[in-house]
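Single-structure report; data block below.
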Amino acid sequence: MQHLAVIDLGSNSVRLAVTEIKEDGSFKNIIERKEPVRLSENMGSEMILKQPAIDRTIRTLESFTEDFKDLENVHLRAMATAATRMAKNQKEFLAEVKAKTDIDLEVITGTTEAYYDYLGVINSLPVVNGIIMDTGGASTELVLIQNRQAVNMISLPFGSVTLSEGNIDPDVPTAGQMFKTLDYLNEIFNDIWWLSRGTNLPIIGLGGSNRTLAKIKRRRDKDRKHWDDIHGFHLSNREAKNIFLMLLNDNLEERKLVPGVSKERADIIIGGLCPAMEMMRRLNSDRMIFGKQGLRYGVLYEYLDNLRSAGKINQK
């Protein structure tokens, strides 16, 4: 038996998934954690990771290593995404993480992140055609799926934190701020020639901001004990718009009280949902399908395939 530990250090939060893998190829997740660290906080135009955010991140990584240090045969993949990719002090940050946690952070490209999102989705959801949209804290990954194949993919340099900070009032956004944000997204999407091939296709929503839509809707369902069961959950275009409008009309304190909205995300949820809202309008998508298996699970499925190819676990 062996274990795969995957750390996903994003711009807004850091996540840990530990999977127990048996010799017959079966596996189960035994540890899942998510902590808000807001690594990209106040990076600004200079693209410098600030020390308070670095300190929060390192403390969280240290706590993660405690979770799996006593497990046998652990293979660790620790990956950093957009905030670390863009940081001018990336080298210093990675050295500090290594010195204080002994973790070798691997800075992956945006297209690699998009590819792992695709692997996570295609191995866990019955998706034939669609557009994957993974809205993170400082980047958004898009993947066009046709006949279950990744045809096109791209990583865009904006996310819930970067769209929000300095652009959208965290309490009550103004009409002007919303217009500028949506117009900015519209111009960027205009330059992606292959997006038109996703017209009328569903959007597969990954990332904490997008999943918030599903969590709000599930909390409103009568069967509330399964409110967090959102993997594969469908939400219509109209329902998504109504939830977004409700959040837009609330102030910050009211949004914090909405069931399904994380208090740590309430100040950036409007900016975080803008890409999905603009994409649904552009593609005339009638629904969103939500997934909980993105980058970390993509790494897992790739790892399992490599083990099978090497004959280290049995073939399915």
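Computed over protein heavy atoms with a 1.4 Å probe, the carbon and sulfur contribution to the accessible area of the chain reaches 47%. One Cα centroid belongs to the range 56-113, the other to the range 243-316; the line between them spans 21 Å.
Only Lys, Arg, Asp and Glu carry charge here, each on its Cβ (+1 for the first two, -1 for the last two); on that basis the chain has a dipole of about 860 debye about its Cα centre.
In order along the range 270-276, the Karplus-derived 3J(HN,Hα) couplings, from 6.51 cos²θ - 1.76 cosθ + 1.60 at θ = phi - 60°, round to 5, x, x, 8, 4, x, 5 Hz, and Gly and Pro are given as x.
For ILE30, the amide hydrogen comes within under 5 Å of the amide hydrogens of VAL18, THR19, GLU20, counting only partners 5 or more places away or on other chains and with H modelled in the peptide plane.
Restriction of the trypsin sites (Lys or Arg not before Pro) in the range 253-311 to DSSP coil positions whose beta-carbon has at most 13 other beta-carbons within 10 angstrom yields LYS263. Solvent exposure of the chain, expressed per residue, is 45 Å² of accessible area, with all protein chains present and a 1.4 angstrom probe. Helical runs (DSSP H, four residues minimum) scored at -39500 (n - 2.57) apiece and divided by the length of the chain put the mean residue ellipticity at 222 nm at -12500 deg cm²/dmol. For SER285, the residues 5 or more places off, or on other chains, whose built amide H falls under 5 Å of its own are ASN200.
Give, as a single signed number, the net charge of other residues whose beta carbon lies under 11 Å from the beta carbon of GLY271, with Lys and Arg counted +1 and Asp and Glu -1. Charge balance in the 11 Å sphere: -2. With springs connecting C-alpha atoms under 10 Å apart, model the chain as a Gaussian network and identify which of TYR116, TYR297, TYR184 has the largest mean-square fluctuation. Comparing TYR116, TYR297, TYR184 in the GNM, the peak value goes to TYR184. Distant-in-sequence amide contacts of ALA78, defined by a placed amide H-H separation under 5 Å and a gap of 5 or more residues or a different chain, comprise ILE7, GLU106.
Note that the range 303-310 has calculated 3J(HN,Hα) couplings of 5, 4, 4, 5, 5, 5, 5, 7 Hz, one per residue in order, obtained from phi through the Karplus relation 6.51 cos²θ - 1.76 cosθ + 1.60 (θ = phi - 60°); glycine and proline are x. Each residue of the range 177-182 was assigned a 3J(HN,Hα) from its phi angle through the Karplus curve 6.51 cos²θ - 1.76 cosθ + 1.60 (θ = phi - 60°); the sequence is 5, 5, 4, 4, 5, 5 Hz, with glycine and proline shown as x.
Annotation note: GluC sites (Glu not before Pro) in the range 31-131 located in DSSP loop regions with a Cβ neighbour count of at most 12 within 10 Å are GLU46, GLU72. Which pairs break 30 Å Cα to Cα here: LYS91/LYS180; LYS100/LYS312; LYS98/LYS217; LYS34/LYS180; LYS34/LYS100; LYS100/LYS256? Table pairs above 30 Å Cα-Cα are LYS91/LYS180; LYS100/LYS312; LYS98/LYS217; LYS34/LYS180; LYS100/LYS256.
The values are calculated or read from the model by the stated rules, or taken from the named source; none is laboratory data. All values derive from a computational prediction rather than experimental measurement. Cβ atoms come from the backbone with ideal geometry, glycine included; neighbour counts cover every protein chain shown. Note: areas computed on protein heavy atoms with side chains; ligands, DNA, RNA excluded. Shrake-Rupley method; radii C 1.70, N 1.55, O 1.52, S 1.80 Å.
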